[in-house]
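Remarks on the structure that follows.
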Amino acid sequence: MKLLTYDTGQGPQAGVVVDGQILDVATVLGEPGGLRDIRALLELPNDPLVRLRTALASTTITAGVRLDSVRLRAPILQPPTVRDFMVYEGHATAGGTRELSDAWYRLPIFYFSNPLRIFAPDDAVPYPSAAEQLDYELEIGAVIGREGSNIAEADALAYVAGFTIFNDWSCRDLQRDEMQARLGPAKGKDAATSLGPWLVTTDELAPFFRDGRLHVRCSLTVNGVTWMEGDGGTMYHTWGAMIERASRDSRLVPGDVLGGGTVTGGSISEAICNGYPARFLQPGDVVAMEVEGIGVLRNTIAPKVDVDPNYRFKAPPGI
């Protein structure tokens with residue numbers, strides 16, 4: 001199933017794509033009061049995705065609304081948490097120019113990102129006011145479908161509702177300062193994450209799964225020019241290992257988002273190394289990410305917001 005959050009002008013609601021049209025999930029399930037997004041669907045009791053499949057298979061469904069007549073929102077409007085991993089060796093080593101620690105190979109490493117700055121397909125993403133070097137990162141995101149703690153790698157995919165495209169917008173100049181101070185990334189990743197265009201359930205992506213990895217073609221264009229082509233299946237750690245790590249001595253709940261990390265080639269520095277005509281992003285640029293089996297996530301970079309021109313991330317005198 002393709003699950004999405006859409007808006008016909010009356011506010012966001014959860015939908016499912018059937019024969020090219022969107023059906024309201026709350027109506028299909030008979031849920032009074034509606035469902036605001038896919039997180040609200042996943043938080044329902046009694047295996048909501050199983051109930052939805054059964055309802056779609058056994059009920060005569062009236063016509064829905066056309067995809068091109070609605071505004072798509074991020075499938076999860078506000079995730080409880082956003083964890084972003086780094087499991088692609090090609091990206092982590094900067095194309096083989098950087099040596100990784102033993103810990104990177106032993107453990108799927110992640111950081112927490114900002115669940116309050118989630119952008120939708122075709123949204124204008126503001127250029128962060130404090131940055132001068134804005135980058136994208138093409139990632140695949142897993143959305144958790146049921147609660148769990150201390151989940152074993154072998155059982156992990158049963159906790160995943162599906163996958164979406166995850167654009168980890170990155171302010172490289174801010175991130176560089178943070179990482180030199182041995183803390184972060186934080187502000188360098190704080191301004192925006194894009195999710196979409198929808199969530200594709202795990203069963204629908206089964207043909208692409210091998211050895212715990214999604215072997216899907218990934219590509220990226222800026223203003224219609226190709227800057228990246230890659231393979232989502234080249235990750236060092238599996239999706240199961242990431243979920244095991246995230247849930248150890250912790251808790252995952254429906255709607256949590258786990259980014260798999262930048263697919264090799266999926267950042268601007270890698271695009272330059274690979275011979276593409278890449279540069280840091282500018283206002284007006286249109287970034288489009290395509291992942292096989294999922295779809296296309298597209299955003300435009302909006303102008304910077306005006307701020308105090310004297311405000312800078314600088315140490316006060318004497319420090």
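Read-outs: derived from the displayed coordinates by stated rules, not from any lab. Worth saying up front: this structure is predicted, and the values here are computed from it rather than measured. Every residue, glycine among them, receives a Cβ derived from its backbone with ideal geometry; neighbour counts consider all protein chains shown.
Global size of segment 82-127: 14.6, 40 Å for Rg and Dmax (C-alpha atoms, Rg to one decimal, Dmax whole). In this rough spin-label picture, where each label sits 7 Å from Cα along the Cβ direction, the THR54-ILE272 distance is 5.6 nm.
Label segment 79-187 by shape, choosing from rounded, prolate and oblate, from the square roots a ≥ b ≥ c of the eigenvalues of the Cα gyration tensor; if a/c is under 1.5 it is rounded, and otherwise prolate applies when a/b is larger than b/c, oblate when it is not. Oblate, because a/c is 1.5 or more while a/b does not exceed b/c.
Each part gets one Cα centre, and for segment 238-261 versus segment 58-109 those centres are 11 Å apart.
In units of the compact-protein estimate 2.2 N^0.38 Å, segment 82-302 shows a Cα radius of gyration of 0.95.
Can you compute the FRET efficiency between ASP122 and MET179 using 1/(1 + (r/R0)^6), with r the Cβ-Cβ distance and R0 = 45 Å? Round to the nearest 0.05. Computed FRET efficiency for ASP122 and MET179: 0.90. For segment 2-73, the relative contact order comes to 39 percent (Cα pairs under 8 Å, sequence separation of at least 6). Shown in residue order for segment 225-232 are the 3J(HN,Hα) couplings computed by the Karplus curve 6.51 cos²θ - 1.76 cosθ + 1.60 at θ = phi - 60°: 9, 5, 10, 6, 9, x, 10, x Hz (x for Gly and Pro).
Across the alpha-carbon atoms of segment 1-44, the computed radius of gyration and Dmax are 9.5, 26 angstrom. Across the chain, the mean sequence separation of Cα contacts (distance under 8 Å, 6 or more residues apart), normalised by length, yields a relative contact order of 23 percent.
Around PRO121, with a cut-off of 10 angstrom between Cβ atoms, what is the net charge of the other residues, counting Lys and Arg +1 and Asp and Glu -1?
Summing Lys and Arg as +1 and Asp and Glu as -1 gives +1.
Since only ASN46, LEU29, GLN13 are under comparison, the one whose Cα sits farthest along the positive direction of the charge dipole of segment 2-73, derived from C-beta charges on Lys, Arg, Asp and Glu, is GLN13.
The sum of -39500 (n - 2.57) across all DSSP H runs of n ≥ 4, divided by the residue count of the chain, sets its helix-only mean residue ellipticity at 222 nm to -4000 deg cm²/dmol. Here the label points at LYS304 and ARG279, each 7 Å from Cα along the C-beta direction, are separated by 1.6 nm in the simple model.
Over all directions, the projected convex hull of the C-alpha atoms in segment 1-157 averages 13.0 nm² in area.
Extension gain, ALA158 to HIS215, is 18.7 nm, computed as 0.36 nm per intervening residue step minus the present C-alpha separation.
Report the net charge of residues surrounding GLY96, where surrounding means a beta-carbon distance below 15 angstrom and charges are Lys +1, Arg +1, Asp -1, Glu -1. Net charge around GLY96: -2. Of the peptides 62-71, 290-299, the ranking by mean beta-carbon count within 10 Å, highest at the top, reads 290-299, 62-71. Legend: ranking of residues LEU41, LEU77 from fewest to most surrounding C-beta atoms inside 10 Å; resulting order LEU77, LEU41.
Take every Cα pair under 8 Å whose residues are at least 6 apart in sequence, average their separation, divide by the length of segment 163-319, and the relative contact order is 23 percent.
In this label model, GLN10 and ASN114 are separated by 3.3 nm, measuring between points 7 Å along each Cα→Cβ vector. Just need log10 I(q)/I(0) for segment 51-97 at q = 0.15, 0.19, 0.26, 0.31 Å⁻¹, Debye formula, equal scatterers on the alpha-carbon atoms, no solvent, rounded to two decimals. For segment 51-97 at q = 0.15, 0.19, 0.26, 0.31 Å⁻¹, log10 I(q)/I(0) is -0.78, -0.87, -0.99, -1.05. Here TYR236, TYR105 are placed in order of increasing Cβ neighbour count within 10 Å, fewest first, which gives TYR105, TYR236. Net charge within 11 Å of ASP231 by Cβ-Cβ distance, Lys/Arg positive one each and Asp/Glu negative one each, not counting ASP231 itself? Counting the neighbours of ASP231, the net charge comes to 0. Hey, if you drop one equal point scatterer on each alpha-carbon of segment 2-73 and run the Debye formula without solvent, what base-10 log of I(q)/I(0) do you get at q = 0.16 Å⁻¹? Each listed q maps to, in turn, -0.49. Length gained on full extension, ALA94 to SER250, computed as 0.36 nm times the residue gap minus the Cα-Cα distance: 53.1 nm.
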